[in-house]
């Protein structure tokens, strides 16, 4: 088992600290099922973390803990030294199935978070509110362009967009809030292979441009390696009743030739899929 943290994480102060976190889900009259069993991680500012593991090992649970949508049974989740107690604008979230409001235009979807944060400061019909709304819309058009969308797309509704376009809008919706951390939960798995490849390039370019700390959940070892500066694999080292822990903490250099990439992928596969499932099988299952 390889649990050595990335060298960068040893040198810098952590932005996110996950300390001995335990999570269990139970039903009345039944014993609780352990999901995470003593997970500890430090994540430094600007890292791109891919989180991999088999279905049910707690990848999405870990994101929800950082988002503060869920609380651990024991242990702590800290952002810049402060415990996470509720969702806020410090953490943006992009789920697998596009978090867009179907009755709002693309432009209104992107500006929604900004407008909600200022509802308590300006009345809906006040001149100050109208000025701020114009400023929000101008910023939203900037994000549309950065996402590779046209300004004419601003007046469309989500059902008029392709899956890839919807996901671009969802990412813009999260990034316009300028979060310190962007959480992405299987964000590309519902896309066709060509669109998925384009989205991988887009998010890597945006990460380089903005320096946002990203936690990216994926089932795909290749996607994990080519995107991340560090791959975290979760797995159960005991029986099925044991919760998952970190079974691999693998730094990935920013520039790798194909041979090195293949080597990293093999290490992730060996830790994540001990039963022999390989990357090409994952690709086929998700296609």
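Residue count for the stretch 138-169 under the criterion of being part of a helix (DSSP H, G or I) and either more than 19 Å from residue 191 (Cα to Cα) or touching a strand residue (DSSP E or B) at 6+ places or on another chain (Cβ under 7 Å) (or both): the result is 14.
Scanning the stretch 194-206 for residues being within 20 Å of residue 177 (Cβ to Cβ) and either loosely packed, with under 15 Cβ neighbours inside 10 Å or at pLDDT below 90 (or both) gives a total of 1. Within the stretch 219-228, the set of residues being closer than 20 Å to residue 245 by Cα, modelled with pLDDT of 95 or more and under 14 Å from the mean Cα position of the chain (by Cα) comprises 224, 228.
Is it true that residue 135 is exposed (fewer than 14 other Cβ atoms within 10 Å of the Cβ) and either on the phi < 0 side of the Ramachandran plot or not in a loop (DSSP other than H, G, I, E, B) (or both)? It is true that residue 135 is exposed (fewer than 14 other Cβ atoms within 10 Å of the Cβ) and either on the phi < 0 side of the Ramachandran plot or not in a loop (DSSP other than H, G, I, E, B) (or both).
Specify the residue that is surrounded by the most Cβ atoms within 10 Å (Cβ to Cβ); the eligible residues are those in the stretch 234-254 that are in contact with a helix residue (DSSP H, G or I) (Cβ under 8 Å, 6 or more places away or on another chain) and part of a strand (DSSP E or B). Checking each candidate, the answer is 234. With respect to residue 282, determine if the residue is crowded, with 19+ Cβ neighbours inside 10 Å and modelled with pLDDT of 90 or more. Taking the combined requirement at face value, the residue does not satisfy it.
Which residues, counting only those in the stretch 207-230, are crowded, with 19+ Cβ neighbours inside 10 Å and out of contact with any strand residue (DSSP E or B) (no Cβ under 9 Å at 6 or more places or on another chain)? Listed by number, the list holds a single entry, 222.
Among the residues of the stretch 176-211, the ones that are part of a loop (DSSP other than H, G, I, E, B), more than 18 Å from residue 68 (Cβ to Cβ) and within 13 Å of the chain's Cα centre (by Cα) come to 4 in all.
The values are calculated or read from the model by the stated rules, or taken from the named source; none is laboratory data. Everything numeric in this text was worked out from a predicted model, so none of it was measured. Please note: Cβ atoms are built from the backbone with ideal geometry, for glycine as well, and neighbour counts cover all protein chains shown.
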